[in-house]
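Peer 1: The structure follows.
The values are calculated or read from the model by the stated rules, or taken from the named source; none is laboratory data. Note that this is a predicted model, so its numbers are computed, not measured. Cβ atoms come from the backbone with ideal geometry, glycine included; neighbour counts cover every protein chain shown.
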Amino acid sequence: MKVLLVDGTIVGRKTGAILEQVKMYIQEFQPEMELVILSLADYEHQFVDGRPLGEYNESMQEIARRFNDADGYIIATPIFQGSIPGVLKNTFDLLHPRTMRYKPVSIVANGGTYQHHLVIENQLKPILDYFRSLVTPNYVYTHTSHFDADNNIINEDVHDRLRELARVFVQYAEMSKHLSKETLDNH
Ligand SMILES: Cc1cc2nc3c(=O)[nH]c(=O)nc-3n(C[C@H](O)[C@H](O)[C@H](O)COP(=O)(O)O)c2cc1C
């Protein structure tokens, strides 16, 4: 089973730091899972405008391929202007609506404002619901104060929540194996 850990920003270090931590915890629960990080900062982005995939640059096509090839996802995002970064939304816009269907997804996020964890509930989860992903009931939102100067997570409660998220994600991944991706409807 291949899981794509998506660092959904092109700036900053904390989003990637949480992702590395989640990767370690998932590995502890399920050493056989193949975990690969996709950092949006490594790609040359183009605005998605509805053209066929083949007309985008190689970078965009590779992002789409890597999403298609994955069996599950960890989406990591910072909060920008009370929302997700434009580059992450642009990436979702690139994908075929069936790409993440019935596949497990967990969310980790970080922001400078405690209250903005609701961005996950009100903005990111609805997008993943549109994709009909198996979104785990728990996500982890971190705040700048949960990190030290080197971007290590220093809050033990955050570590516990990340471990629990990893545990549940592994179970959701198992569940998704038994759920056929073929649908009876045409949507
Ligand atoms: C353009 C921009 C907008 C931001 N808007 C918000 C915001 O609305 N709410 C919030 O909690 N944090 C906001 N932040 C703070 C980022 O979420 C924060 O910098 C990031 O999570 C910390 O990670 P970093 O140190 O890796 O950049 C914003 C940061 C930037 C650069």
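Peer 1: For region 1-33, which residues satisfy the criterion of being of a type in the set (Asp, Glu) and closer than 18 Å to residue 66 by Cα?
Peer 2: First pass over region 1-33, keeping only residues of a type in the set (Asp, Glu): 7, 20, 28, 32.
Answer for region 1-33, where residues must be of a type in the set (Asp, Glu) and closer than 18 Å to residue 66 by Cα: just 7.
Peer 1: Looking for something modelled with pLDDT under 95, over 13 Å from residue 6 (Cβ atoms), aromatic (Phe, Trp, Tyr) and more than 12 Å from the chain's Cα centre (by Cα) - is there at least one such residue anywhere in region 62-82? Give the derivation first.
Peer 2: Of the residues in region 62-82, the ones modelled with pLDDT under 95 are none.
Checked region 62-82: no residue is modelled with pLDDT under 95, over 13 Å from residue 6 (Cβ atoms), aromatic (Phe, Trp, Tyr) and more than 12 Å from the chain's Cα centre (by Cα).
Peer 1: Okay, next question. Considering only region 168-179, state which residues are in contact with a helix residue (DSSP H, G or I) (Cβ under 6 Å, 6 or more places away or on another chain) and surrounded by fewer than 17 Cβ atoms within 10 Å (Cβ to Cβ).
Peer 2: At the first step, the residues of region 168-179 found to be in contact with a helix residue (DSSP H, G or I) (Cβ under 6 Å, 6 or more places away or on another chain) are 170.
Across region 168-179, there are no qualifying residues.
Peer 1: Among the residues of region 123-159, which ones are aromatic (Phe, Trp, Tyr) and either exposed (fewer than 11 other Cβ atoms within 10 Å of the Cβ) or more than 21 Å from residue 25 (Cβ to Cβ) (or both)?
Peer 2: Looking only at region 123-159, we keep the residues that are aromatic (Phe, Trp, Tyr), and these are 130-131, 139, 141, 147.
Of everything in region 123-159, those that are aromatic (Phe, Trp, Tyr) and either exposed (fewer than 11 other Cβ atoms within 10 Å of the Cβ) or more than 21 Å from residue 25 (Cβ to Cβ) (or both) turn out to be 130, 131.
Peer 1: Something else now. For the subset of region 130-146 comprising residues that are part of a strand (DSSP E or B) and away from the ligand (no atom under 16 Å from the Cβ), which member is nearest to residue 9 (Cα to Cα)? Reasoning before the result, please.
Peer 2: First pass over region 130-146, keeping only residues part of a strand (DSSP E or B): 134-135, 140-143.
Still in the list and also away from the ligand (no atom under 16 Å from the Cβ): 134-135.
Details: 134: 23, 135: 20 Å.
Across region 130-146, the extreme among qualifying residues is 135.
Peer 1: Under 8 Å between Cβ atoms, at least 6 apart or on separate chains: pull out the pairs that start in region 142-153 with a residue that is touching a residue at least 40 places away in the same chain (Cβ under 8 Å) and end on any residue that is in a loop (DSSP other than H, G, I, E, B) and among the aliphatic types (A, V, I, L, M).
Peer 2: Hits for this filter: 147/154.
Peer 1: With the requirement that a residue be on the phi > 0 side of the Ramachandran plot and more than 16 Å from the ligand (Cβ to nearest atom), what does region 73-106 give you? Step through it out loud before you land on a result.
Peer 2: If we filter region 73-106 for residues that are on the phi > 0 side of the Ramachandran plot, which is where we start, we get 81-82, 102.
Once the filter is applied, which keeps residues that are on the phi > 0 side of the Ramachandran plot and more than 16 Å from the ligand (Cβ to nearest atom), region 73-106 yields only 102.
Peer 1: Looking at (1) under 12 Å from the mean Cα position of the chain (by Cα); (2) surrounded by 14 or more Cβ atoms within 10 Å (Cβ to Cβ), find the lone condition where residue 36 falls short.
Peer 2: For residue 36, the exception is condition (2).
Peer 1: Suppose we filter 120, 127 for residues that are out of contact with any Asp or Glu (no Cβ under 8 Å at 6 or more places or on another chain), more than 14 Å from the ligand (Cβ to nearest atom) and among the aliphatic types (A, V, I, L, M); which single one remains? If you could, list the steps in order and put the result at the bottom.
Peer 2: On the way: 120 fails: more than 14 Å from the ligand (Cβ to nearest atom).
Every option except 127 fails the conditions.
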